1. Kindly provide the set of residues from region 416-468 that are open to solvent by 50 Å² or more (accessible area, probe 1.4 Å) and within 41 Å of the chain's Cα centre (by Cα), ordered by number.
2. Scanning for something under 19 Å from P37 (Cα atoms) and at pLDDT below 95, does region 259-275 turn up at least one residue?
3. Considering only region 197-211, state which residues are outside any helix (DSSP H, G or I), more than 16 Å from Q167 (Cβ to Cβ) and either in contact with a helix residue (DSSP H, G or I) (Cβ under 6 Å, 6 or more places away or on another chain) or open to solvent by less than 60 Å² (accessible area, probe 1.4 Å) (or both).
4. If the requirement is being in contact (Cβ under 8 Å) with a residue 24 or more places away in the chain, on the phi < 0 side of the Ramachandran plot, open to solvent by 50 Å² or more (accessible area, probe 1.4 Å) and outside any helix (DSSP H, G or I), which of these qualifies: Q49, Q39?
5. What single numbered condition from (1) under 14 Å from S265 (Cα atoms); (2) in a helix (DSSP H, G or I); (3) of a type in the set (D, E) fails to hold for D118?
6. Considering (1) surrounded by fewer than 14 Cβ atoms within 10 Å (Cβ to Cβ); (2) on the phi < 0 side of the Ramachandran plot, say which one I72 fails and leave the rest.
7. Using the structure shown, decide if A277 is buried (at least 24 other Cβ atoms within 10 Å of the Cβ) and either in contact with a strand residue (DSSP E or B) (Cβ under 9 Å, 6 or more places away or on another chain) or not in a loop (DSSP other than H, G, I, E, B) (or both).
Amino acid sequence: MDMNRHHKVLELDTVLARLAEFCACNDAKECALALEPAQTLAEANALLQETANAHNLLARFGAPGFGGLRSIAGALARSIAGGMLSLRELLDTAAVLGAIRGILNWRDSCANVSTVLDFSALEPNSYLEKRILSVVANEDDLSDNASPTLGDLRRKIRVQESRVRDQLERTIRSGANTKILQEAIITQRGGRYVVPVKAEHRGDFPGLVHDSSASGATIFVEPIAVVEANNEIRLLKGKERAEIDRIILELSAEVASFAQSIRRSYQAAVGLNLIFAKAQYAYKIKASAPELNDEGQTLLKAARHPLLDPDSAVPIDISLGLDFDTLVITGPNTGGKTVALKTLGLLTLMARCGLMLPVRDGSRCAIFAHVFADIGDEQSIAQSLSTFSAHMTNITAILQQADHDALVLVDELGAGTDPIEGAALAQAILQRLHQKGARVAATTHYAELKAYALTTARVQNASCEFDVATLRPTYRLIIGTPGRSNALAISERLGMEREVLDAATALIQQENRQFEDVVDRLEASRRAMEAEQDAARILKEHAAEDREKAAAKRAQMDSLWQREEEQARGAALRIVEQAKRQAQMLLDEIAALRQEKDQNAVELAKRAKSAMKKTMHALAEDTPWRVPTQDEAYTLPRPLVVGDHVLLAQTGTHAEVLTLPDAKGQLTVQAGGAKLRVKLDALRLAGASPQKNTVKNDSTRAQKLDTAGASATDHRVDVRGQTVEECLHTLEYYLDGAMRSGLREFVIVHGKGTGALRLAVKKYLDTLPFVQSQRLGGYGEGGDGVSVVVLK
């Protein structure tokens, strides 16, 4: 059936030809070329939904294999009629069954994804597929395993042929036959083995002559010795041929028994091939699925003509049936008016065929029962029709058929005749189509039609933008603004004489000049508004980027804070558990003390007290009492100098600066009895005005000193009853406070006892560079039970 003339004008046939290139089999190609646009919204929606579904499946799983599909309708019909199929037809049948099986296997691989595509009509037949492939070796012969009888016959034939060849080998190798034979070879004539003999020695070589060469110099003789063997081979081959025919006929009957199932499955596979071809074509033209409606509303965003290169085609926005029903497109020639008309009409037809459209997401497309197009020069010499007459013939037919469910596209309406009459006729045609409720898009150069669009409800102007500076069209469709032909401007750019241009301007009617001036002002306003919109869009994009960056930074900081908080909580939980264990151990020791009630009570009490102090010291050291705060950005109020008292930010420990920072920002500080290498940004100047965190850390530090049993404001520190380790720990904290408070002399009460604490204190003080002197107490000071220390 010939394609609708209007559809052909819009080049639907070319689109369908490109669609057919993606089909794997001839029947699917024919279906693609014969596609007819759907007549109802429901049909079009169903077709488009299938294509969109296949499009998604292609993206996730790739395409199923349709390569094995062959047209076997004739073979199936002949098998049903009892005919014998050829080996090629049997192999094609097996290929179709293999393709059907492959499609179902592909569907099984994506079974967890729902689909509107119908795979239920596909019926695999592994039995028949394997049966054919096990019997038919290739399109010329059957396999030896096709039947036991065939295998036995072929084995006997090979044995007989081997005997004949052995006999003939001996014949041609015989020295007596060297002069008789033309060549020492074995060949066949008429299916019988022969040797070439020189014609003049015919009587010297007994046997049957089967052929001669073209020159007559050589005759092909079957020696008498192999005649019987050749006869046997001939009989065996006859039986082989009969067995082959029997097997093929039997196999053809099996194909006939499954013919209906195979036919249904094949037709379903062809339909699926067409759907996936639509999906592959959609990827080719970078298409998306529009929203369809039957209310005559079309909004195509960034639409491209599918036959243009998608990388170079300028996308256009087209709307019709929303705020207006008639669109009058004006502008210079070669500006893209006709392409805009064809794009609107062709995409409407493609949507009705279930094809995805080269538009941006969010587009809408109306489904019309009729699409009429009068585009191009259709003059006919045979029918004595001029261009104008041909157009009027088409438009007359369109006016008779157009209604509210029609899309009418007219190129250069009213052209080809007197401009005054042509403009009046064009306006009357648009009014009539508007009255009928049809959706209309028409191109024109008539200023009268521009004015008609400005003054008539639900009729809108549009123009194809043209850059006069470069004399090139931009191909953008601007809805809401009438266009200009720009004939005078183009002529001026091309070097036309000024006098000629002035004369032409003077000949233009005053009202036309005023109208064109209005159009110019509208165009200037539109360009300025577009520039402002572009600037606002750029600012909006930058603001959105800044918001995203800020949100990401905040999320990062929240994550860091949460991680630090979790770590602190974990550390606190571990400390609590440790304290519980230590407390339980002390309780156990106290209970043991109560049970013993002997002379060891005092010693046990001392041990319990010592263990408690040790535990509290350990807890004080392990407690993560500083968490990250906003003070991370702390800046030293002045450069550090040697001798400055500083605070280690991470631990709250006070220290003294021993060296200035090196190139890497690291310096040496003295913290108690230890020298440390630290980074400059990890220090806080203790003499500067403290921040909130410094006050907090100093308070915590004082609490630690109180816990250790020594106060920096006292001139006396008592370490009696402590172990050596506990004693040194207490002295470290006391010395830290003494140096911060400026204390120059103090007394360490270590007791006499065994002298272990006295020796440990002396050795420890000897290692400290800021200790000027130390001595045991004199009379009235405590004697050997104390040590008097003087700091530098």
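1. Q460, D467
2. Among the residues of region 259-275, not one is under 19 Å from P37 (Cα atoms) and at pLDDT below 95, which makes the answer no.
3. We begin by selecting, within region 197-211, every residue outside any helix (DSSP H, G or I); these are 197-198, 205-211.
Add one more test, that the residue is more than 16 Å from Q167 (Cβ to Cβ), and what stays is 198, 209-211.
The one that is outside any helix (DSSP H, G or I), more than 16 Å from Q167 (Cβ to Cβ) and either in contact with a helix residue (DSSP H, G or I) (Cβ under 6 Å, 6 or more places away or on another chain) or open to solvent by less than 60 Å² (accessible area, probe 1.4 Å) (or both): K198.
4. Working: Q49 fails: outside any helix (DSSP H, G or I).
Within the list Q49, Q39, the selection yields Q39.
5. Going through the list (1) under 14 Å from S265 (Cα atoms); (2) in a helix (DSSP H, G or I); (3) of a type in the set (D, E), D118 breaks only (2).
6. (1)
7. Numbers: buried (at least 24 other Cβ atoms within 10 Å of the Cβ): yes; either in contact with a strand residue (DSSP E or B) (Cβ under 9 Å, 6 or more places away or on another chain) or not in a loop (DSSP other than H, G, I, E, B) (or both): yes.
Yes, satisfied.
Rundown of residues vs (1) farther than 12 Å from C464 by Cα; (2) open to solvent by less than 50 Å² (accessible area, probe 1.4 Å), yes/no style:
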{"residue": "L308", "(1), (2)": "yes, no"}
{"residue": "D311", "(1), (2)": "yes, no"}
{"residue": "I316", "(1), (2)": "no, yes"}
{"residue": "L320", "(1), (2)": "yes, yes"}
{"residue": "D325", "(1), (2)": "yes, yes"}
{"residue": "I329", "(1), (2)": "no, yes"}
{"residue": "L344", "(1), (2)": "yes, yes"}
{"residue": "C353", "(1), (2)": "yes, yes"}
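The values are calculated or read from the model by the stated rules, or taken from the named source; none is laboratory data. All values derive from a computational prediction rather than experimental measurement. We place every Cβ from the backbone using ideal geometry, glycine too, and count neighbours over all the protein chains shown. Each accessible area value is taken on the protein alone, full model and side chains, heavy atoms only, with ligands, DNA and RNA left out. Shrake-Rupley method; radii C 1.70, N 1.55, O 1.52, S 1.80 Å.
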